[in-house]
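All remarks here apply to the structure that follows.
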Amino acid sequence: MTILQGWVVPGLPHPLLTPDASPGYRRLRDAFDQAAARIAALQPDVLLVYSTMWPSVIGHQLQAHPAPTWVHVDELFHALGSIPYRFTMDTELARAWHEANERRGLASRTVAYDGFPIDTGSVVALKLLDPDSRIPAVIVSSNVYADRAETLVLAKAARDAVASTGRRAVAVVVSTLSNRLFTDWIDPADDHVHSAKDDEWNRKILEFLGQGRLEDVAQLSRTIHREVRVRKVVSFKPMWFLSALMGQHNHHHGEVLAYEAVHGTGGAVVGLTPTGEARGDKEFDEDDVEVWHGHREVLDPVSDEDEEDVPTPPAPRAPEPAPTRSASVTTATAAAPVGAYPHARRVDDLLYLSGVGPRQPGTDAIPGGPIRDAAGAPLPYDVAAQTRACIGNVRAVLEAAGASLADVVDVTAFLVDMDRDFAAYNAVYAELLGPVGPTRTTLAVRALPTPIAVELKVIAHVPLGRDAPRST
Amino acid sequence: MAARGRIVAGLLAPHPPHLVYAENPPQNEPRAECGWETLRWGYERLRADLAQVEHDVLVVLSPHWQTYVGWHLLGVPRFESLSVDPVFPNLFRYRYALDVDVALAEAIHEEARAEGLVSSMMRNPDFRVDYGTLVSCHLTDPAWSRPIVAISSCRASAYYGVDVMQEQAIALGRATARAIEASGRRAVLLSSNSLSHRHFTTEGPLPEDMSREHITHHGQHLWDMKAIRMLREGRTRELVSILHELTTQAIGETDAGSLTWMLSALGFPTQGAELYGYGTVIGTGNAVMGFWPERAA
Ligand SMILES: [Fe+2]
C-alpha cells in the first residue's frame with residue numbers, strides 16, 4: 001500500500017491560462033511547477049485525483065478512458081482561453097478501484113467515453129502537476145449527496161486498489177479552501193480572498209496542514225463547510241478523502257507552497273508526505289467505517305428494511321425473526337476462504353473467526369509480499385505490512401457481523417519465523433489492537449497454507465441483538 | 001422598422017437526458033427500449049401545439065451552464081460538437097449542431113446590463129454547450145429547425161439565497177422581454193428545469209426499467225402538485241412568492257432561476273398554463289407545461 005505523497009491544489013484555470021495576470025496567480029503557478037518537479041522526482045506509477053469539481057449523482061464515477069482527449073473550455077472563465085489536453089488513464093487501477101468500491105458496498109462505475117467532459121479542476125491539476133502528461137492518472141468524481149462515511153469508504157477502496165495493483169501513487173485532491181467567488185468581474189490585480197473571515201479560516205486550515213495534521217483537518221470538515229463553503233453540495237469532503245487515503249493520521253510532513261486568492265476563493269498548493277503511520281492516539285468524534293451500509297435501495301419498491309428512522313407510528317407488520325443464536329458469517333470484504341469454512345461463526349454472544357491472513361479480498365494479493373515464490377524459493381517480505389493487512393481483514397469480518405475491532409477478546413497469532421518477525425509484528429499489533437486489550441498467545445508454526453508469514457485466530461464478544469449477521 | 005417582437009410561448013421544458021435516451025434519436029449514441037413515456041408523450045403534444053404557432057427562435061435558460069459571475073449568453077453563431085452528460089454518460093452522448101441568434105443574445109445582454117445585472121457574452125468557439133440546453137431544445141424541436149439563444153444560470157441561490165436569485169431572474173425576465181420586443185422576433189421561451197429535484201443515487205441495471213421509477217419522497221410529490229396547480233390556474237405571482245419554500249423543501253431545480261425568469265418575461269401571466277405531462281425521472285419531479293399568451297382566454 002503505497003501513497004507516496006498527497007497534494008491539495010485549487011482547480012480554477014487562472015494559474016494555467018493567465019499566470020501573469022497577477023502576482024498571486026504567478027506565485028500559485030510557481031508552486032504548481034515546484035509540486036510538479038517534486039512529483040516527477042518520485043517517479044510514481046499513477047496520479048490519483050479526487051476532484052470536487054466533478055459532481056456525480058449515481059454513486060462515484062471513475063475515469064477509465066485510456067487516453068481522454070479534448071479541447072476544454074471552462075463554463076465560467078471561458079474568456080481566459082481553451083485548454084487542449086490528452087491524458088493517459090491507468091485503466092487497470094480504475095477497474096480495481098471500481099471493484100473495491102463494490103466490495104465495500106458503494107455504488108460505482110467506470111466511465112470510458114470519447115469526449116467525456118473532464119472537469120476544469122482535474123484538467124488544470126493534471127496539466128500543471130504533470131505538464132508532459134507522462135504519468136497515468138485515475139480521476140474520481142465527488143458524489144453530491146455523499147457524506148463522511150461514504151467518502152471514507154471510497155478512499156479505503158482506493159487503498160485496496162493501490163495495494164492490490166502494487167502501484168506507487170501520488171494523491172491529488174482538487175479543491176479550494178474557502179470557495180466564495182466574487183459575483184462580478186474583477187481586475188486580477190485586485191484579487192483577494194472574499195472576506196477576512198474566509199481568509200482567517202483558510203490560514204487556520206493551512207497552519208494545520210503545514211504541520212502535517214491532515215486527520216485533524218479532516219475532523220474539522222463539517223466546521224469548514226459551515227464557515228467558509230458556499231453550500232453547493234452536502235458536505236466538504238476532500239480532506240476526508242485524502243486523510244482516509246493516507247491512513248487517517250497526522251504524521252505527515254506538510255508544506256504550504258502557496259496560498260493566494262483566485263477570484264475571491266482561497267487556493268493553496270499543499271504537499272503532504274507521510275512520515276509515520278496511524279497510532280492509537282486519536283479520538284474520532286464519528287465512527288470510523290470500513291464498509292458502506294447506507295440506504296441504497298430507494299429504487300426497490302418492495303424493500304423497506306432500512307426505513308427505521310421514519311417518525312410515523314409503525315404499521316402492523318410481521319414479527320421480526322428471533323435473533324439467530326448460531327449462524328455463519330461469510331463476507332466478500334474478506335479474502336475468500338482456502339477451505340470449507342466460513343469467515344466466522346457466532347454462538348450466542350461470542351463470534352469465532354476462522355484464521356485470518358493478510359490476503360486481500362478479491363485479488364488474493366499479499367501486502368508486504370509473499371514469503372516464497374511459486375517454486376518455493378524464499379522472498380524478502382514485510383511482516384509489518386502483512387500484520388496490518390491481517391488486522392484489516394479481521395476488522396472486515398467483524399464488521400460484516402455487525403461488530404468491530406473493539407469487540408475482540410482473545411487473539412492467537414501464528415508466525416512462521418518468530419525470530420525474524422516477532423518485533424515488527426508486535427509493534428503493529430500494539431498499535432492497532434493494543435488499546436483494545438484482548439488476551440493474546442503467539443506461536444511459531446512451520447508453515448501456513450498460503451505463502452504468508454502471519455495468521456490470526458480471533459474471538460470477539462458481540463451481544464445478541466446488537467447485530468444482524470449477514471452474508472454478502 | 002421591423003414589427004414588434006413578442007413571446008408566443010413560454011414552456012416549462014425539463015431536461016432529463018433520460019428522455020432523449022428513451023427516444024433513440026439519431027444524434028444520441030446509446031439505445032433504449034422504452035422509458036418515461038408519460039413525459040415523452042407530453043412533449044409530443046407540446047410539439048404538436050407549437051407547430052401551430054409561428055416562431056423564429058428558442059430562448060432557453062439552463063441550470064447546467066453554471067456561471068457564478070453573473071449571467072452569460074452564447075455569442076458564437078454556430079456550435080457543433082459532441083455532448084457527453086457528466087452525470088449520465090451511459091445515457092447521453094449526443095452530437096449536436098446548432099445555430100445561435102447572436103443578435104438577439106446581444107440585445108438581451110445589453111438590456112440585462114441596463115437592469116444592473118452582471119452579464120457576459122460567451123465568445124469562445126471551443127465552448128461545449130451544456131446538456132440542459134441541448135435536451136430542452138431537442139425535446140422541443142428535435143430537428144433543430146430554428147436558432148436558439150442560450151442563457152446560463154448565475155447560481156445566486158447558492159451564493160446568496162433564493163430570494164436574491166429571484167430578484168435577479170425577474171430583472172433578467174424584464175430585460176429578455178424588452179430585447180425580444182425590439183428585435184421583431186417571435187420567440188419561444190424555455191424554462192429548462194424539473195420541479196422537485198431529489199435524485200436516487202443508484203441506478204438499476206436497465207436504466208429504463210419503469211418498475212423502479214417513482215418520486216423520491218411523498219413531500220416532493222406534494223410540492224410538485226402544488227406548483228402544477230398554481231401554474232394551471234395562472235397564479236404565477238403567488239407561485240414566485242412561495243418558490244423559496246418550494247426550492248428549499250423540494251430541493252427544487254427552480255433554484256436556477258429559469259422558471260422565475262420565464263414567468264417574469266411573460267409578465268406573470270394570469271391565464272393558466274396547459275399541462276402536457278408529468279412524470280418522475282430517477283426520483284425527480286418533471287412537468288411539461290406551456291403558456292400561450294396569444295391564445296384566447
Ligand atoms: Fe438538471
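Coordinate-derived values only; no laboratory data. Values in this document were obtained by computation on a predicted structure and should not be read as measured data. Heads up, the Cβs are rebuilt from the backbone with ideal geometry, glycines too, and the neighbour counts pull from every protein chain shown.
Size of the range B:45-92: Rg and Dmax of its alpha carbons, in Å, are 15.0, 38. Place a point 7 Å from Cα of A:Arg420 in the direction of its Cβ. Which residues in the range A:445-459 have their backbone N less than 20 Å from it? Within reach of a label on A:Arg420: A:445-456. Taking the DSSP beta bridges with both ends in the range A:326-461, the antiparallel portion is around 75 percent. Computed over the range A:2-274, the alpha-carbon pair-distance distribution with 5 angstrom bins reads 1, 6, 14, 19, 21, 18, 13, 6, 1, 0, each value a whole percent. Applying the criteria of a DSSP loop state and at most 14 other Cβ atoms within 10 Å to the GluC sites (Glu not before Pro) of the range B:1-110 yields B:Glu33, B:Glu54.
Here the simple spin-label model places points 7 Å from the Cα toward Cβ, and for A:Asp184 and B:Ser81 these points are separated by 3.0 nm.
What number comes out for the charge environment of B:Arg146, summing +1 per Lys or Arg and -1 per Asp or Glu over other residues with Cβ under 12 Å away? Mind showing how you got there, number by number?
Working: positive: B:Arg185, B:Arg186; negative: B:Glu54, B:Asp56, B:Asp99, B:Asp101, B:Asp141.
Once all neighbours under 12 Å are counted, the net charge is -3.
Measuring nothing but how far apart in sequence close Cα pairs (under 8 Å, 6+ apart) lie, relative to its length, the range A:1-151 scores a relative contact order of 38 percent.
Find the relative contact order for the range A:2-274 and round it to a whole percent, using C-alpha pairs within less than 8 Å whose residues are 6+ positions apart.
Details: 610 pairs, mean separation 82.0, N = 273.
Dividing the mean separation by the residue count of the range A:2-274 yields 30 percent.
Computed over chain A, the Cα gyration tensor eigenvalues convert (square root of 5λ each) into semi-axes of 41, 27, 21 Å, ordered from largest to smallest.
Find the Cα radius of gyration of the range B:165-268, compare it with 2.2 N^0.38 Å by division, and give the number to two decimals.
On the way: Rg = 16.1 Å, N = 104, 2.2 N^0.38 = 12.8 Å.
For the range B:165-268, the normalised Cα radius of gyration comes out at 1.25.
Taken along the Cα-to-beta-carbon direction at a fixed 7 Å, the label points for B:Arg295 and B:Ala182 span 3.2 nm. In the range A:191-239 the Cα-Cα distances spread across 10 Å bins starting at 0 as 26, 53, 20, 0 percent of all pairs.
Each residue of the range B:133-178 gets 87 Å³ once the volume of the Cα convex hull is shared out per residue. Among the DSSP beta bridges whose two residues both lie in the range B:6-296, what percent are antiparallel, rounded to the nearest 5? Just about 50 percent of them are antiparallel.
Applying a DSSP loop filter and a limit of 14 other Cβ atoms within 10 Å to the chymotrypsin sites (Phe, Trp or Tyr not before Pro) in the range A:144-200 leaves A:Trp185. For A:Lys237, the lysines whose Cα falls under 16 Å of its own Cα, not counting residues fewer than eight places away in the same chain, are A:Lys156. Look at the alpha carbon pairs under 8 Å that are at least 6 residues apart: their mean separation over the length of chain A gives a relative contact order of 16 percent. Please report the antiparallel percentage of DSSP beta bridges with both residues in the range A:2-274, rounded to the nearest 5. Beta bridges within the range A:2-274, antiparallel portion: roughly 45 percent.
Grab the other residues whose beta carbon is less than 14 angstrom from that of A:Ala189, score K and R as +1, D and E as -1, and report the net.
Numbers: positive: A:Arg26, A:Arg27; negative: A:Asp20, A:Asp187, A:Asp190, A:Asp191, A:Glu260.
Within the 14 Å Cβ shell, the charges total -3.
Sorted from greatest to least, the principal axis extents spanned by the alpha carbons of the range B:6-296 come out as 50, 41, 40 Å.
Report, in deg cm²/dmol and to the nearest 500, the calculated mean residue ellipticity at 222 nm for chain A, where each DSSP H run with n ≥ 4 adds -39500 (n - 2.57) and the sum is divided by the residue count.
For chain A, the value works out to -9000 deg cm²/dmol.
Within the listed set B:Leu263, B:Leu117, B:Leu190, the residue fluctuating most in the Gaussian network model of chain B (springs between alpha-carbon atoms under 10 angstrom) is B:Leu117. For the range A:326-461, divide the Cα radius of gyration by the Kirkwood radius and give the resulting Rg/Rh value with two decimals. For the range A:326-461, the value is 0.95. Averaging the Cα positions of each part gives two centres, and for the range A:363-441 and the range A:63-131 these lie 36 Å apart.
For the range A:1-71, rounded, prolate or oblate, judged on the Cα gyration tensor with a ≥ b ≥ c (square roots of eigenvalues), a/c < 1.5 rounded, else prolate if a/b > b/c? Because a/c hits 1.5 or more and a/b fails to exceed b/c, the range A:1-71 counts as oblate.
A:Asp30: net charge of surrounding residues, Cβ under 14 Å, Lys/Arg +1, Asp/Glu -1, itself excluded? Working shown, then result.
Values: positive: A:Arg26, A:Arg27, A:Arg29, A:Arg38; negative: A:Asp20, A:Asp33, A:Glu255, A:Glu260.
For residues surrounding A:Asp30, the net value is 0.
What FRET efficiency do you get for A:Asp132 and A:Val347 if R0 is 60 Å and r is their Cβ-Cβ distance, rounded to the nearest 0.05? Can you show the working numbers first?
Numbers: r = 60 Å, r/R0 = 1.01.
The computed FRET efficiency comes out at 0.50.
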